[in-house]
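To start, the structure under review is shown below, and the notes come after it.
The values are calculated or read from the model by the stated rules, or taken from the named source; none is laboratory data. Please read all numbers here as calculations on a predicted model, not as lab measurements. FYI the Cβ positions are ideal-geometry reconstructions off the backbone, even for glycines, and counts take in every protein chain you see.
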């Protein structure tokens, strides 16, 4: 009953974990090129990797024998014993990537070492060696992957649209390029150059990938301790986005995801950014390899640290210090010549009970003792007289002897109260109505925008001064993909050179909204799109516009509060915001009475 699987089947099973989509192939091949000591890596894809993925580098290359062995499962030059897993300085080490790729695609490898006069060419098809021969080729390695998943049609069927798959490829490309600014990278899709990255420092690489707007809004963050060394950049509080797109963590130059460490960073921005806003960060953690386990996930995007809690504290403190240095948060004085070591607790830390000095002769009731720090005042026994002559205000009563909060004779200012610049309180038949002013405004704007977008006579309102907006490569790809759909919704957006668009017009009657904010909000909304933009596109667009335009924490006048409450109650669904969260709540009189009975 027990059978040993053939290598080809075992490789396909491994490919199911390691190779999830074309972007996974890109990641594995680029990382191998980096490990080979390359200074220039070029990537070419066709049809988002379905038809062709080609990765060419000028690295160390391989001999004839090594080239053939590289396609065997668990064949690796990175480790020789289990102990080596505790001292990893390379990306790949398990020897599964090439074997997995070769089991589900047609692979061609051309490679030559610098010291060799000729190179070798190997063709592998579905784990089967087709040919190996001597050829003339440049030093380095060139992998060509064709017809990915051709022998696993079920996997190929579940791939998304070309635009979605290309976005995943660009994401993987960014992760490797960001931690290797000393390497030149190019990425070409269907003959069009997307990235052409030159050698430089980290900040230059960030600016090249994400644009000048991101690069100009970064502040340096760095700290060096015995546990971890942290360096990189975080965004200024005013530069935030609606999605967590520009957030990158690296450990020993390896990208990883960690909601735990992300919380440490966002905690440092507490009270500096609005709820639901995401700061950008590009942080590089250097830890001793024996204190990191990168072998817990097939794609290595999740890793474990032996001093996780300690690193959390240091990371949070480093971001707070960085914000304080640049006068973005309250600070004492961080500009000292010899910064002190941030104390951390370890398992071996000895706890010392602090000693307290107590003055046993101290008597707080000693009136003759000077500078005792106590100041007493006599309390007037007739304190009730303080309220003599105070005018009492009685609530008006209706026929049922039920008190009313206000009457029609009251001024508008007396009918509403604002709570912490967030909520509006007013009277209702059932009790006290409390309205979330931001969600209420979103509901109002959503229905207004939706009605305008669905109007049969909807037309484009041309801008007096067309606005040119510079985007990064990924944002440009997203907006280019959906320009036709956006034009149907009343937008006149046109391509203007590389990574640049010009907004000539917006849907009619959309006012008081920054054009650039609208474009970036639409892009953020479409980043995770699965290609079904046309389904409910008007609702999504109306929601995006409402979220961009709605007021946040703001002091409102009585007239503004009256306007919001009146328009909210006139909406088709005033109880919830467009995202389904409560927009208002009512505290009944019975609930209020119950509180006073406690």
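Residues of segment 545-573 that are part of a loop (DSSP other than H, G, I, E, B), free of Cβ contacts under 8 Å to residues at least 12 places away in the same chain and surrounded by 12 or more Cβ atoms within 10 Å (Cβ to Cβ): 557 alone. Residue check: residue 163 meets all listed conditions (1) surrounded by fewer than 20 Cβ atoms within 10 Å (Cβ to Cβ); (2) touching a strand residue (DSSP E or B) at 6+ places or on another chain (Cβ under 9 Å) but one, namely (2). Within this structure, residue 315 fails the test of being in a strand (DSSP E or B) and either over 14 Å from the mean Cα position of the chain (by Cα) or surrounded by fewer than 20 Cβ atoms within 10 Å (Cβ to Cβ) (or both).
Residue pairs whose Cβ atoms lie under 8 Å apart, separated by 6 or more positions or on different chains, with the first residue in segment 345-368 and within 24 Å of residue 226 (Cβ to Cβ) and the second modelled with pLDDT of 70 or more, are 345/310; 346/307; 346/310. Evaluate the following for residue 469: is it modelled with pLDDT of 80 or more, out of contact with any strand residue (DSSP E or B) (no Cβ under 7 Å at 6 or more places or on another chain) and not assigned by TED's automatic domain parsing to the domain that holds residue 166? When the stated conditions are applied, residue 469 does not pass them.
To keep it simple, each residue is scored yes or no on (1) surrounded by 23 or more Cβ atoms within 10 Å (Cβ to Cβ); (2) modelled with pLDDT under 90.
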residue	(1), (2)
29	yes, no
35	no, yes
51	no, no
54	no, no
62	yes, no
82	no, yes
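Taken as a whole, segment 263-276 holds no residue that is crowded, with 16+ Cβ neighbours inside 10 Å, farther than 17 Å from residue 322 by Cα and out of contact with any helix residue (DSSP H, G or I) (no Cβ under 7 Å at 6 or more places or on another chain).
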